[in-house]
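The values are calculated or read from the model by the stated rules, or taken from the named source; none is laboratory data. This structure is a prediction, so every number in the text was calculated from the model and none was measured. Cβ: placed from backbone, ideal geometry, glycine included. Neighbour counts: every protein chain shown.
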Amino acid sequence: MNRPRQVAVVGGGWAGCAAAAKLAAAGIAVTLIEASADLGGRARRVELDFDGDRHVLDNGQHLLVGAYRAIARLLASLDVDIDAVVERRPFELRYPDGFRLQASGLPAPWHLATALLTARGLTWAERGSMARFLRALKATEWRLAADRDAAGWLADHGQSARLVARIWRPLGLAALNTPLQEASAQLLANVLRDSLGADRDASMLWLPRANLSALLPDAVERFVLARGGAVRRGTRATSIAADGDRFRLDLAGGDGAETLRADAVVYAAPPAQLGRVAAAFTPALHDVLATIARYAYEPICTVYLKYPEGADVPRGLVALRDDPVVRAYGQWAFDRGALDPANRGVASVVISAHGPHEDESMHALCEAVADQLRRQLGLPPPRAARVITEKRATLAARPGLQRPAQTTRVPGLVLAGDWTASEYPSTLEAAVRSGEAAASALLQ
Ligand SMILES: Cc1cc2nc3c(=O)[nH]c(=O)nc-3n(C[C@H](O)[C@H](O)[C@H](O)COP(=O)(O)OP(=O)(O)OC[C@H]3O[C@@H](n4cnc5c(N)ncnc54)[C@H](O)[C@@H]3O)c2cc1C
């Protein structure tokens, strides 16, 4: 196929945005089509009302890490000042009861060695077994002979119940959004390789200061428009079909129905819609659609709590002790006010993966999380609270998870999204890398 001159990107999540930015930078005329009013997809801004106080927050609390190199490069290429949009902090796992694992400012591997030496709440034997585990992983280049469940893998490497409960389970849930018993050990090893196992910068935590649309997608929109491209928010692609050796896209939006023609298409919308939107290509997409049909998904729930003036929300992020038996569901708490003064008094609490919290009503869940923060962080009752549950937040990162390549058997139709091939679980970095890979395939 010749290098395309006009490309339609369907879906304005982080994958579609990354593809659009790369294509626009290469001088291609891009039309980015997004069904919602805002770009960002599963990582986008939302405005929430707390009994009359309006705050611009996100559809779900996100955390980035220094290992997200493609995102860092993309932000730099868009002239985004990274420190204005995220707060970079050395890796830290801090519980309110004093348990703490904190990387130092020293270069690798000393940043981690000092973390183990200065850890609070671990025996020397546990520090030793954690160090041996990481050394063994490094010696095998972070590759398992065969993928398996992360819980059994950690147990076989001598990780004690406390190491699992305090370190591996929270890190595994945050990275894979899948309970360790069901999660892929290889995907976890890949994440560890590029974060804790890499240099100090890679292990840094990036806490978003800006809302998630402002962090990257808004900058992509400005970039695409400045290069003569188009961004069609509030417009849904209802079908993609062949038009000679080009493509015809049917669009539905505020202005009614219309047709767009393009030399190539990046499909960066959800996998579950591909069969319907690209029905004209069903035979060629047979294997892709069969893979998609096998996907399982995991939810993520974010509870936002608005505290009265003077409440001492702990700065940064704090790991919480979750225990469904006592309705303590929260796993992490973030102080949104410290990250952006416009959100003073707002804490966000994350509950990853499926669990008994899903049986609670929204009101009961808010009350349970507020009570957990009262007991564990000493916070007063909040003035108001809101819950956002994303039922299909990520793919379930199970052992042997298969995801399709970005290229398809339809010349000129490429796929992007955290559900396409990646060595990472469904994350922002997987999405951005997939978008760039899809664009690169069209530029060859
Ligand atoms: C609550 C929550 C918390 C998370 N936390 C983290 C985290 O801490 N760190 C991390 O790295 N990742 C996290 N993730 C995962 C991360 O958000 C996703 O991996 C990433 O946003 C996926 O981007 P995407 O572009 O692949 O897909 P999406 O964001 O789903 O983008 C698809 C886009 O297509 C649009 N669309 C759908 N149909 C059409 C159509 N017919 N025409 C046009 N447009 C269409 C949708 O509106 C959407 O904008 C989290 C996800 C959630 C939901």
* On the given criteria, is ARG100 among the basic types (Lys, Arg) and closer than 30 Å to GLU221 by Cα? -> no
* Long-range neighbours under 6 Å by Cβ, at least six apart or interchain, first residue closer than 19 Å to TRP14 by Cβ and part of a strand (DSSP E or B) within the range 225-242, second within 16 Å of the ligand (Cβ to nearest atom) and acidic (Asp, Glu) -> VAL231/GLU221; ARG233/GLU34
* **Subset of the range 364-376 [more than 16 Å from the ligand (Cβ to nearest atom) and crowded, with 18+ Cβ neighbours inside 10 Å]** => CYS366, ALA368, ALA370, GLN372, LEU373, GLN376
* **Residue within the range 299-319 that is part of a loop (DSSP other than H, G, I, E, B), at pLDDT 95 or above and either basic (Lys, Arg) or within 16 Å of the ligand (Cβ to nearest atom) (or both) present** => no
* Any residue in the range 414-429 that is farther than 29 Å from ALA18 by Cβ and outside any loop (DSSP other than H, G, I, E, B)? -> no
* Hits in the range 244-260 - residues which are closer than 16 Å to VAL410 by Cβ and surrounded by 12 or more Cβ atoms within 10 Å (Cβ to Cβ) -> ARG246, PHE247, ARG248, LEU249
* Out of the range 259-295, which residues are within 24 Å of THR394 (Cβ to Cβ) and away from the ligand (no atom under 14 Å from the Cβ)? -> LEU285, ASP287, VAL288, LEU289, ALA290, THR291, ALA293, ARG294
* Quick one: how many residues across the range 386-414 are more than 10 Å from the ligand (Cβ to nearest atom), touching a residue at least 60 places away in the same chain (Cβ under 8 Å) and among the hydrophobic types (A, V, I, L, M, F, W, C)? -> 7
* To do: Read through the list (1) more than 13 Å from the ligand (Cβ to nearest atom); (2) crowded, with 20+ Cβ neighbours inside 10 Å, then give the number of the only condition that ALA226 fails.
  => (2)
* Selected residue (criterion: nearest to the chain's Cα centre (by Cα)) from residues of the range 1-40 that are of a type in the set (S, T, N, Q) and within 14 Å of the ligand (Cβ to nearest atom) -> SER36
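Table: residues versus (1) hydrophobic (A, V, I, L, M, F, W, C); (2) in contact with a helix residue (DSSP H, G or I) (Cβ under 7 Å, 6 or more places away or on another chain); (3) within 26 Å of GLN181 (Cα to Cα).
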residue: PRO109; (1), (2), (3): no, no, no
residue: LEU117; (1), (2), (3): yes, no, no
residue: GLY128; (1), (2), (3): no, no, yes
residue: ALA131; (1), (2), (3): yes, yes, yes
residue: LEU134; (1), (2), (3): yes, no, yes
residue: ARG143; (1), (2), (3): no, no, yes
residue: ALA151; (1), (2), (3): yes, yes, yes
* Structure fact -> Residue pairs within 9 Å by beta carbon, gap of at least six or interchain, first lying in the range 58-79 and closer than 17 Å to ALA189 by Cα and within 14 Å of the ligand (Cβ to nearest atom), second of a type in the set (Gly, Ala, Ser) and in a loop (DSSP other than H, G, I, E, B), listed first then second, are VAL65/SER195; GLY66/SER195; GLY66/ALA198; ALA67/SER195; ALA67/ALA198
* Does ALA284 satisfy the criteria of being buried (at least 23 other Cβ atoms within 10 Å of the Cβ), over 28 Å from LEU205 (Cβ atoms), out of contact with any Ser or Thr (no Cβ under 6 Å at 6 or more places or on another chain) and not charged (D, E, K, R)? -> no
